[in-house]
Amino acid sequence: MDDISTGILFAILAGLIVISGYFSGSETGMMSLNRYRLKHLSKTGHKGAKRVERLLNRPDRLIGLILIGNNLVNILASAIATVIGLRLYGDIGVAIATGALTLVILVFAEVTPKTLAALYPERVSFMSSILLTILMKVLSPLVVLVNFITNGFIRLLGIRVNHNDEDHLSSEELRTVVNEAGSLIPRRHQDMLISILDLEHVTVNDIMIPRNEITGININDDWKSIVRQLTHSPHGRVVLYRDQIDEVVGMLRLRESYRLMLEKNEFTKETLLRSADEVYFIPEGTPLNVQMLKFQRNKERIGLIVDEYGDINGLVTLEDILEEIVGEFTTSMAPTLSDEITPQGDGSFLIEGSANIRDINKGLKWNLPTDGPRTLNGLMLEYLEDIPESHLSVQVADHQMEIVELEENRIKMVKVFPKSKK
């Protein structure tokens, strides 16, 4: 370098620092990319995304290439800085050059480019991938050699090197992604996506119509009573049973019964039973995501939930599961409280004891415990460990609850105040 002027050496040194900054920024940009957005852009035909994805298919080779280039450039810059220091200040110039070069590389070739790359990873990566792709082909033998040595050393440490692993999101990670989407996904759609993820944690028992609330027709009743029940039923399908709900004989579609009514000569108990569909039974504890697929596979819309002894616990419909995802089907898109919850002027709520705790939590944004009883009546009885004989007030899950009405062995109506502030 004796024949090269100091000015040219300064220019070369400046160019090397710029190249070092390029490699540093490229490394940070590549590693800071959102892999899922990268896959999306690549599938839509984005050329820069495709280049980057090819490079990231072998991250060990990409890192090897960047570090080879960065170290070569930094070592050459250090040598040139030493020569400049010797020319300008003699032996002490080496120390000055070392300190000055360290500061310059730290600021202009490391911190600054890496910060910019972290802030704008796509812009930096897509641009730098053009030159990196060329360098990967040119320096391929050297990169392969370095990777062979480093991968061999990693294996000696007992670490398995696998380049075919794909990134997969767990349900909890996907939940976080949806919640962090912000304005990119409307809040209503976020709630629906989260509800879909929650289906695997909710069972048919959590949303079923309990056994004592199932609307059915006892076919052993007199014929006039049966016809009256059919004509006044608000449901599209009703359960047919003999004397008690466990003796179910079929599921009747009211549309079919109306058709039979028009054909008066054929409308009898016998034809009614023949027109009933076979009952679809669901094992208790079935997760909602599984049951929804079973409804679809079996082309069913309604089923009776049975326990391990074959006794009927309740009834669930496809509509009930869909409401877990999209909310209750109402004429208004605005959120509404359940009919079992009545707001009071003092800020409290009158809630029926049969109200489902999950429905209460959803409607009022509360956090009553859901890992035990499913109804408010069950929750209070579990807390009291006894069946109350008079009206009393208790504190449950930081909510003041006052028993308003009792009926036989259950709590029929409760006045609940919002969570007390501590």
Practice problem: Identify, from the list LEU240, LEU288, LEU260, LEU252, the residue that is at pLDDT below 85 and among the hydrophobic types (A, V, I, L, M, F, W, C). | Solution: LEU260
Practice problem: Looking only at the range 219-233, decide whether some residue is assigned to a helix (DSSP H, G or I), of a type in the set (Phe, Trp, Tyr) and open to solvent by 100 Å² or more (accessible area, probe 1.4 Å). | Solution: no
Practice problem: Just name the residue that is least open to solvent (accessible area, probe 1.4 Å) out of those in the range 303-318 that are in contact with a Pro (Cβ under 9 Å, 6 or more places away or on another chain) and not aliphatic (A, V, I, L, M). | Solution: GLY314
Exercise. Kindly indicate which of VAL18, VAL52 is more than 25 Å from VAL144 (Cα to Cα) and either open to solvent by less than 20 Å² (accessible area, probe 1.4 Å) or not acidic (Asp, Glu) (or both).
Key: VAL18
Quiz item: Could you give every pair whose Cβ atoms fall below 9 Å, whose first residue belongs to the range 298-323 and is over 22 Å from ILE196 (Cα atoms), and whose second residue is surrounded by fewer than 18 Cβ atoms within 10 Å (Cβ to Cβ) and of a type in the set (Lys, Arg), counting only separations of at least 6 or pairs across chains?
Solution: ASP311/ARG211; ILE312/ARG211; ASN313/ARG211; GLY314/ARG211
Quiz item: Among the helices (runs of 4 or more DSSP H) confined wholly to the range 92-207, which include 3 or more residues that are more than 30 Å from SER20 (Cα to Cα) and touching a residue at least 60 places away in the same chain (Cβ under 8 Å)?
Solution: 187-198, 204-207
Exercise. Could you list, in sequence order, all residues of the range 278-289 that are in contact (Cβ under 8 Å) with a residue 40 or more places away in the chain, open to solvent by less than 60 Å² (accessible area, probe 1.4 Å) and of a type outside the set (Gly, Ala, Ser)?
Key: VAL279, ILE282, THR286, PRO287, LEU288, ASN289
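The values are calculated or read from the model by the stated rules, or taken from the named source; none is laboratory data. Here the structure is a predicted model, which means the values were calculated and not measured. Every residue, glycine among them, receives a Cβ derived from its backbone with ideal geometry; neighbour counts consider all protein chains shown. When the accessible area is computed, the model is the full protein with side chains, heavy atoms only, and any ligands, DNA or RNA have been set aside. Shrake-Rupley method; radii C 1.70, N 1.55, O 1.52, S 1.80 Å.
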